[in-house]
Amino acid sequence: MKVIEAEELSKNFKVKQKEKGMKGSIKAILHPQTEEIKAVDGISFGVEKGEVLAFIGPNGAGKSTTIKMLTGILYPDGGRIEVLGIDPVKKRKQLAYQIGTVFGQKEQLWTHLTPYDNFRFFGAIYDLSGGEIERRIAELAEIFELADFINTPVRNLSLGQRIRCEIVASLIHKPKVLFLDEPTIGLDVVVKENIRGLIKQMNRELNTTIFLTSHDVGDIEKLCKRIVIVNSGQIVMDDSMEHLKYHYLNKKIVEVKLQEEAVLPERKGITILKRKGGHIKLEVDTSVMKINDALRSIDAEYVEDINISNIPLEDIIMEIYRSKERTESL
């Protein structure tokens, strides 16, 4: 059963063109030149009930515009949308009772109130009875482990604690679909893992459909089984996480700081990206060589520091986009 359906969805914006010549001229003010930008350009996709979908792309790809149309904040210029069988354009208020949203960079909680008071406030907004609100708070506080700070003002919480409370606030009315926009942005590694674990638990136990956007490869790799990649308002790829892992997530960046310059043996699967004195930046193709074997090629006696990271998501997306362009040109 599809809970989200989008067909040939499009949205254009008119933006002012930069006036050449005198800045702020009378002509530019009275008769500004505009151009039409296609933020979303005829995309179609569906999301099944209980699915965790990653909807990703570089900045300006059309992700936020699409989410705003799915939630009824923006009206599409063309195409059709249904979320839980509801048209967001015609019945935005009705849809609001069925969905939740969490934006990692935007607060929805009142910072001078405690999480508990915030949850009661949101429950009242969604017309829940007092008893039902208390039951939901107790249930979610246990799942998200909020007992130690549920009565602490939000302004005094850490970022990780606040994000947990933001998610709980969005779940107080039992939404069937949850939109998560960069839920782990700015969090440290340990807290990120905690948030990801809670999201997986929520999806497993409550069967909540999750529509996720993120620039963090870790979020996508650990939470999602399906990826939709957009660029320039169009869908570049709609495929499984397994396929993306096999073809595009098989490379790691290894940055090493050595006590002195060292000569690394040339081995298949290792590419030296940058070398400056004792600082070396490598790319390791894990489909050719295990990361452990790559590290063994570095003399540990002289290693002062080492960092292993994923290829930036933007690089992966651009590679997919270029691959598609090459295929279409053949």
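The values are calculated or read from the model by the stated rules, or taken from the named source; none is laboratory data. Owing to the predicted nature of the structure, the values given are computational and were not obtained by experimental measurement. Neighbour counts are summed over all protein chains in view; Cβ atoms, including those assigned to glycine, are modelled from backbone coordinates with ideal geometry. Ligands, DNA and RNA are excluded from the accessible area calculation, which covers all protein heavy atoms including side chains. Shrake-Rupley method; radii C 1.70, N 1.55, O 1.52, S 1.80 Å.
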Restricting to segment 52-70, name every residue that is modelled with pLDDT under 90, farther than 12 Å from I317 by Cβ and buried (at least 24 other Cβ atoms within 10 Å of the Cβ).
G62
Applying the selection to segment 164-197, what residues are open to solvent by less than 20 Å² (accessible area, probe 1.4 Å) and in a helix (DSSP H, G or I)?
C165, E166, I167, V168, A169, S170, L171, I195, R196
Go through segment 301-314 and report how many residues are part of a helix (DSSP H, G or I) and either in contact with a helix residue (DSSP H, G or I) (Cβ under 8 Å, 6 or more places away or on another chain) or at pLDDT 75 or above (or both).
1
Considering only segment 174-189, how many residues are without any contact (Cβ under 8 Å) to a residue 40 or more places away in the chain and either within 8 Å of the chain's Cα centre (by Cα) or closer than 21 Å to E48 by Cα (or both)?
1
Of the conditions (1) open to solvent by less than 20 Å² (accessible area, probe 1.4 Å); (2) not in a loop (DSSP other than H, G, I, E, B), E205 clears all except one; give me its number.
(1)
Residue that is surrounded by the most Cβ atoms within 10 Å (Cβ to Cβ) [pool: residues in segment 76-117 that are assigned to a loop (DSSP other than H, G, I, E, B) and of a type in the set (K, R)]:
K91
Out of all the residues in segment 233-255, is one or more farther than 19 Å from G218 by Cα and assigned to a loop (DSSP other than H, G, I, E, B)?
yes
Out of K23, K16, K38, sole residue that is open to solvent by 70 Å² or more (accessible area, probe 1.4 Å) and at pLDDT 80 or above:
K38
Looking at (1) over 26 Å from E304 (Cα atoms); (2) acidic (D, E); (3) open to solvent by 20 Å² or more (accessible area, probe 1.4 Å); (4) assigned to a helix (DSSP H, G or I), find the lone condition where D219 falls short.
(3)
